[in-house]
Amino acid sequence: MNKLVSYDPFADAGLDDLFRGFFRPVRTATPAAATIRMDVTERDNGYVVHAEIPGARKEDIQVTIEGNQVTIGAEVKRDFAPKEGDQVLRSERHYGSVHRSFTLPVDLDEAASTARFEKGILEVTLARKAGVAGRKLTIQ
């Protein structure tokens, strides 16, 4: 035979969570910090990096190569100022400096590497450093 079990709707945790969540603000998320988004592709002679840096000017971007580490930095400046009497209701665009560093498995040739910036996309072509030919040691 089946047992009868009494049900208490207020003992269920789901209902309690519903009422607790009712008084929480709907949007508590803060804007994420700006970062440089990029794609790195390996080719026969090196690597190609496509980095998104919207709002930056070519003069404000720096690319540094040290061994196998690449650093991309940019300064994004505010290009407009609100007129007197205007009230800014919302500002989500990032202004300031952003940096991104990454390492690759081989050393890079700084002299043969190139960078080009067009329409907010930085394209960096990184050339591999020529490998040093091995030498045969004489045993004494």
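Among the residues in the stretch 126-138, are any assigned to a strand (DSSP E or B), surrounded by 12 or more Cβ atoms within 10 Å (Cβ to Cβ) and in contact with an Asp or Glu (Cβ under 7 Å, 6 or more places away or on another chain)?
yes
Could you tell me which residue of the stretch 6-65 is modelled with the highest pLDDT, considering only residues that are of a type in the set (Gly, Ala, Ser) and in a strand (DSSP E or B)?
Checking each candidate, the answer is Ala51.
Would you pick out the residues in the stretch 100-125 that are assigned to a loop (DSSP other than H, G, I, E, B) and touching a strand residue (DSSP E or B) at 6+ places or on another chain (Cβ under 8 Å)?
Leu104, Val106, Asp107, Gly120
Quick check on the stretch 66-94: of everything there that is in contact (Cβ under 8 Å) with a residue 40 or more places away in the chain, part of a loop (DSSP other than H, G, I, E, B) and under 20 Å from the mean Cα position of the chain (by Cα), which residue is surrounded by the fewest Cβ atoms within 10 Å (Cβ to Cβ)?
Across the stretch 66-94, the extreme among qualifying residues is Glu92.
The values are calculated or read from the model by the stated rules, or taken from the named source; none is laboratory data. Quick caveat, the model's predicted, so the values are computed rather than measured. Neighbour counts are summed over all protein chains in view; Cβ atoms, including those assigned to glycine, are modelled from backbone coordinates with ideal geometry.
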